[in-house]
Amino acid sequence: MSQPSDADLIARIKQGDHKATDELLRRHEARVYRFGLRMCGNEDDARDVLQETLLAAFKNLPAFRGDAQISTWLFQIARSFCIKQRRRREGEPARLESVETAEVKKLEGDEPAGDMRTHAREVGTLIQAAINTLQADHREALVLRDVEGLSAEEAAEVAGIEVGALKSRLHRARLALKQQLAAVLGEREDVGGCPELAQELAAYAASEIDQAACERIEAHLSKCARCTQACDNLKRTVSLCRAIPGGDVPAPVKAAVRHALRLSAVG
């Protein structure tokens, strides 16, 4: 028997079916938790983001109009709580692991280096540390597009910006990430990638890329084989983030969220 679609579950929720609510939230909780982990950089904040997001969704699902995909709506809610968490942390000592620290941990690992799953987790840890070095809006664009696989239109909707602005942030995030990863992952090519593209981006180093510049960059990317290959390679590398710790919601976190939802339902 096939599983009900999100739309079917939402229809049941509007009729007061609490089991449908639980099923829908279970279906999407791993992505919300992973998004919180990638954006906040630590499990404690990701747990709080997940719990607050699901509680908000639980309360507001009956009024959900369906103007966007349910996943996009949940990411929008999670994003608002990520921003709140970041503001709460302002002024505290940095808690994000650096690329250098992650590299040391990788080299000191006890697990056999030949194991493919272990290797993927090691590389994924380095990637997450590198992602953490990006400025918040660039990290958001990269996580939504390259980690979570949203379309440019969906990612722009979550971020509350125009598609062109989202793409410009993504270009700059990928370039910065490539520079961070080049040394630790042993790349030998010019980390700036295509000189023509690097020159275009460098001209806007101190400001947001405007729509005209974004159109020129898109035109360049569509016909430059070097850029296309570099972009595809980076996306494949970043997708390893789905395989490292955080892809699955830890059991204690699930239990805490379920308990909070039950309390909310009773209240």
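The values are calculated or read from the model by the stated rules, or taken from the named source; none is laboratory data. No experiment lies behind these values; they were computed from the predicted model shown. All Cβ positions, glycine included, derive from the backbone under ideal geometry; neighbour counts span all protein chains shown.
Restrict the check to region 146-156 and report whether at least one residue is touching a His at 6+ places or on another chain (Cβ under 9 Å), under 29 Å from I70 (Cα atoms) and modelled with pLDDT of 60 or more. Within region 146-156, none of the residues are touching a His at 6+ places or on another chain (Cβ under 9 Å), under 29 Å from I70 (Cα atoms) and modelled with pLDDT of 60 or more.
Return the total of residues in region 42-69 being surrounded by 20 or more Cβ atoms within 10 Å (Cβ to Cβ) and under 22 Å from I161 (Cβ atoms). The number of residues fulfilling the criteria is 2.
For beta carbons closer than 8 Å, sequence separation of 6+ or different chains, a first residue in region 51-62 that is more than 17 Å from A256 (Cβ to Cβ) and a second that is surrounded by 16 or more Cβ atoms within 10 Å (Cβ to Cβ), the qualifying pairs are L61/I10; L61/I13; L61/T21; L61/L24; P62/I13.
For the criterion of being under 19 Å from N132 (Cβ atoms), assigned to a helix (DSSP H, G or I) and modelled with pLDDT of 90 or more, L50 passes.
Of the residues that make up region 77-95, is at least one modelled with pLDDT under 75, surrounded by fewer than 14 Cβ atoms within 10 Å (Cβ to Cβ) and of a type in the set (A, V, I, L, M)? Yes, that holds for at least one residue. Answer yes or no as to whether T21 is of a type in the set (V, I, T) and farther than 20 Å from L150 by Cβ. So T21 passes the test.
Close contacts from region 10-36, counting a first residue that is within 21 Å of D67 (Cα to Cα) and a second that is among the small types (G, A, S) and crowded, with 21+ Cβ neighbours inside 10 Å, with Cβ to Cβ under 8 Å and a gap of 6+ residues or different chains, come to L25/A57; V32/A78. Being at pLDDT 90 or above and not in a helix (DSSP H, G or I) is a description that does not apply to L142.
With respect to the stated conditions, G160 is surrounded by fewer than 19 Cβ atoms within 10 Å (Cβ to Cβ) and closer than 18 Å to F81 by Cα. On inspection, G160 qualifies as at positive phi and out of contact with any strand residue (DSSP E or B) (no Cβ under 9 Å at 6 or more places or on another chain).
Selection of region 16-44 for residues being acidic (D, E), at pLDDT below 90 and part of a helix (DSSP H, G or I) yields D22, E43, D44.
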